[in-house]
Every structure is written in C-alpha cells, then in structure tokens.
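Enquirer: Take a look at this one; I'll ask things after.
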Amino acid sequence: MLVETLRKTSTLSVQQGQCFKGSSSLAQQAFESIKDLIFNFELIPGERFSEADLTQRLNISRTPLRQALQQLEQQGFLQVLPKMGWFVAPIDFGAIDELYDFRILLEMNAVGELIDLGKTALLEPMNQFWIKESHEYTSDSSLVAQQDEIFHFSIIACAGNKEILKIYQQITDRIRLIRRLDFTKSQRLNATYTEHAAILKSIRSKRKEEAQRLVKAHINQSKIEVRKITLDELYKAKNREKAIGNLPSE
C-alpha cells in the first residue's frame, strides 16, 4: 500500500514544474535538469553561471532554457542580477528555519492522523531500512539522504491529504540541498537511524503524543544542524562528488 501511495505521488515534483503551458517539453526537461545540477552540487549557492554554459552542458537551445531559468527564479532557486547574469540563490537560513518549522506542524499533524485513523501499518515498509543494529547502518550519505526524504514524505503521504502533500513536496524541493549536506556528517547518519527508529516504534505502538514529540524534536535538531553548514562545506561536497567521478572536472 505504501509503495502504491508513493508511486501515485512521486510525480508531484514534476507536476509542480509543469508551468510551461504551450511550450515544448524541452523547457520542462531543462527545469528538472538545472534543479538536479543544484541538488548534486554541480552548481552551488552563490555560484555564477552563464546561459551559454548551460546550453552546452544540457544540450538545449536558448529559448526553452530561458523559460526554465525564469521559472526557477520565481521559485527561489536562482537569481538574476543586472549586468552580472545568473546565480544560484544563496542559502537563506531564515527561510530554511521557517520551512523546518512548517515541516514540524505538517508532520506532527500527519502522525496524529495516522494513529487516529488506524493507518499506522502503512509505514511498516520503513522498518526494513531504519530499524537496525548500529553495525548495520550504511555510511552512504546519498542513500541515507534519499531514504530520509522518503521517510518523511511517507508520513505525509500515508495520512492521505493530497493538498498537504503538494505543499510538503514544495518544501522538500526547497530544502533538498541542505538535507544532503546534513548527511555528509557521520554523526548525523547515526542519529537519524536512531531517531527514525524511535519514531516508527512509537507510531506502531500508537503512542500519539510520544510520536509527535519525537517528530518535533527530530526536525528541530535537524534545523539546528543545518545552521552549522558553511560555504566551505559546499565546496568540499562539490569536490567529493568530483573525486568519486559523479561530476565532470572543470
């Protein structure tokens, strides 16, 4: 049931990008590709880039590229400055704080709904990845970041409110870069395993107030940790991706 729920909702981020009515699908493809460049540290916050560079990198013409860039600017991912050109938007920690606070409200409500409506079994598939002995934890930060996103998205999706889910997907897109950076620290990997397991166990046992308290504490701690992220860490993340061959050399 959870897999089916996620399958039906996995297209939300694509649907949100479909703001190019009357345009070719190339603009949509460029929109998603540029977001991937940002999320994969190929373009990092504050970095300047040119349209010419992207047309070559993405093998796309200027018209659909400009449509995609304008949409990404409207959504806060990019900035364009007179006589200077395009930049990846810098990290706005004030906005990040507010998004994490919004997550707390949405996820606490969703946990309550799951328990009140008897839907806790829908999260059982999450146990396989998160409820483990410490020696079984993976050190693959990219995998943990991906699974973390699925975990929190599943809590919202299984509660069943599609409109809240759309809003939550927008939040997820906005914080994805920060989330990935958070998991470059080994202590955060271990803490996430422990905290997610505790949340799942309390939901399974239908301990509503405890589950909501754990969710709130977990997201609050994440908010504190992302505040520690520096520009130097962004460049280190980019260099790590190059070192393992995920990014092209400059």
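The values are calculated or read from the model by the stated rules, or taken from the named source; none is laboratory data. Nothing here was measured: the structure is a model prediction, and the numbers come from that model. In this analysis, Cβ positions are derived from the backbone assuming ideal geometry, glycine residues included, and neighbour counts consider all displayed protein chains. Surface areas here come from the heavy atoms of the whole protein model, side chains and all, with no ligands, DNA or RNA. Shrake-Rupley method; radii C 1.70, N 1.55, O 1.52, S 1.80 Å.
Enquirer: Look at the range 78-97 and say how many of its residues are within 18 Å of residue 229 (Cα to Cα) and open to solvent by less than 30 Å² (accessible area, probe 1.4 Å).
Expert: Number satisfying all stated conditions: 4.
Enquirer: Next question. Please return the ranges of helices (runs of 4 or more DSSP H) entirely within the range 125-192 where 3 or more residues are in contact with an Asp or Glu (Cβ under 7 Å, 6 or more places away or on another chain).
Expert: Ranges flagged: 141-159, 162-182.
Enquirer: Of all residues in the range 98-144 being modelled with pLDDT of 95 or more and of a type in the set (Asp, Glu), which is least open to solvent (accessible area, probe 1.4 Å)?
Expert: If we take residues in the range 98-144 being modelled with pLDDT of 95 or more and of a type in the set (Asp, Glu), then 107 is least open to solvent (accessible area, probe 1.4 Å).
Enquirer: Could you list, in sequence order, all residues of the range 65-91 that are of a type in the set (D, E, K, R) and either touching a residue at least 12 places away in the same chain (Cβ under 8 Å) or assigned to a helix (DSSP H, G or I) (or both)?
Expert: Result: 66, 73.
Enquirer: Can you tell me how many residues in the range 181-200 are open to solvent by 60 Å² or more (accessible area, probe 1.4 Å) and either farther than 19 Å from residue 144 by Cα or small (Gly, Ala, Ser) (or both)?
Expert: 1
Enquirer: Would you call residue 124 more than 23 Å from residue 40 (Cα to Cα) and among the acidic types (Asp, Glu)?
Expert: In short, yes.
Enquirer: Please find, within the range 21-64, the residue that is least open to solvent (accessible area, probe 1.4 Å) out of those that are on the phi > 0 side of the Ramachandran plot and within 25 Å of the chain's Cα centre (by Cα).
Expert: 41
Residues are listed down the side, and each one gets a yes or a no for (1) surrounded by 15 or more Cβ atoms within 10 Å (Cβ to Cβ); (2) at pLDDT below 95; (3) at positive phi:
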residue: 164; (1), (2), (3): yes, no, no
residue: 179; (1), (2), (3): yes, yes, no
residue: 212; (1), (2), (3): yes, no, no
residue: 219; (1), (2), (3): yes, no, no
residue: 224; (1), (2), (3): no, yes, no
residue: 237; (1), (2), (3): yes, yes, no
residue: 246; (1), (2), (3): no, yes, no
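Enquirer: How about the range 201-210: which of its residues are surrounded by fewer than 15 Cβ atoms within 10 Å (Cβ to Cβ) and not charged (D, E, K, R)?
Expert: Answer for the range 201-210, where residues must be surrounded by fewer than 15 Cβ atoms within 10 Å (Cβ to Cβ) and not charged (D, E, K, R): just 205.
Enquirer: Look through 95, 68, 89 and report the one residue that is in contact with a strand residue (DSSP E or B) (Cβ under 7 Å, 6 or more places away or on another chain) and either of a type in the set (A, V, I, L, M, F, W, C) or at pLDDT 95 or above (or both).
Expert: Unique residue meeting the criteria: 89.
Enquirer: Which condition from (1) closer than 16 Å to residue 173 by Cα; (2) modelled with pLDDT under 95 is the one that residue 61 breaks?
Expert: Single failed check for residue 61: (1).
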